[in-house]
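Okay, here's the structure, questions in a sec.
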Amino acid sequence: MRVKICGITNLEDAEAAVAAGADALGFILFEKSKRFISIENAINIVEKLPPFVQTVAVTVNATKEFTNLGWRKQLKNFNLAQLHGEESPVHVKAVSKYLPVIKVLPAGLGLNFEIPGHMIETMEKLGDVQKQLEKKLGHEPTLADIANETGLPPDRVRSVLRTSLNIELGYIQQPKEYEPLVSAFMLDTPSMERGGTGRVYDWNLAVEFMKRTAKPLILSGGLNPENVAKAIETVHPYAVDVASGVEASPGRKDHAKLRDFIQICKSF
């Protein structure tokens, strides 16, 4: 079984993962993540890795970054791009010109997926605040206006409003729209935290998803040394992905858990 260790922030953890038999390492270039690493620091680690280890640049709705030619050139230091936001097929196609793409989708998408209750509550709250501010200000409020009113980070406000609009328009990311553009799909636990939640979803959703795509599936979401064997036996994915399940703290790996996790996976 192939294994990707995500949320690498330092060389020591990268080397420990490789020594334990990891096939791929993920570097989260999303500044709001607890496991964020700058692209420059990530490249410094990548350059010190031995051959035959795949490196993955993990981004979230990085449309602004992709307008920067220097940033796009730096991205070529990695082997793959993992897109963990609400990226449109157009954005995915643009990224795929630079690197093969892994598109992350919330588990259940396209399978009568239900938006979790806490997401619906947040969307309704922001919708109400948006309307109240528009009346108060006499014009459409900015993201900063809504963020100041709710206390939520602007990036989260943007993401929630985008998701709400997509639902209103009847558009939610559909796997079939990405199928010709990606090298693989990854299913993760539905969350606005962009992974690393440590929460498991119903693996039968992954089983059903695999019936509807010809692309490899990478299983993620709350995996750890205690449950990964059962997950693999249930789903039979192309690969598994882990971040929080082998950590001592966010961004710092527990090397004993790391070794245990990979050893279990490699027994399949």
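Which of the residues spanning segment 255-268 are charged (D, E, K, R) and part of a loop (DSSP other than H, G, I, E, B)? So that I can check it myself, show each step before the final result.
Looking only at segment 255-268, we keep the residues that are charged (D, E, K, R), and these are 257, 259-260, 266.
Correct list: 266 only.
Conditions tested, residue by residue: (1) free of Cβ contacts under 8 Å to residues at least 24 places away in the same chain; (2) more than 19 Å from residue 18 (Cα to Cα); (3) not hydrophobic (A, V, I, L, M, F, W, C).
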{"residue": "59", "(1), (2), (3)": "no, yes, yes"}
{"residue": "63", "(1), (2), (3)": "no, yes, yes"}
{"residue": "68", "(1), (2), (3)": "yes, yes, yes"}
{"residue": "72", "(1), (2), (3)": "no, yes, yes"}
{"residue": "81", "(1), (2), (3)": "no, yes, no"}
{"residue": "87", "(1), (2), (3)": "no, yes, yes"}
{"residue": "92", "(1), (2), (3)": "no, yes, no"}
{"residue": "96", "(1), (2), (3)": "no, yes, yes"}
{"residue": "99", "(1), (2), (3)": "no, yes, no"}
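Name the one entry in 48, 32 that is within 22 Å of residue 86 (Cα to Cα) and not in a strand (DSSP E or B). Reasoning before the result, please.
Working: 48 fails: within 22 Å of residue 86 (Cα to Cα).
Only one candidate qualifies: 32.
Computed from the coordinates by the stated procedures, all read-outs in this text should not be read as laboratory data. What you are looking at is a predicted structure, and each value in this text was computed from that prediction instead of being measured. Quick reminder, even Gly has a Cβ in these numbers, built from the backbone with ideal geometry, and neighbours come from all protein chains shown.
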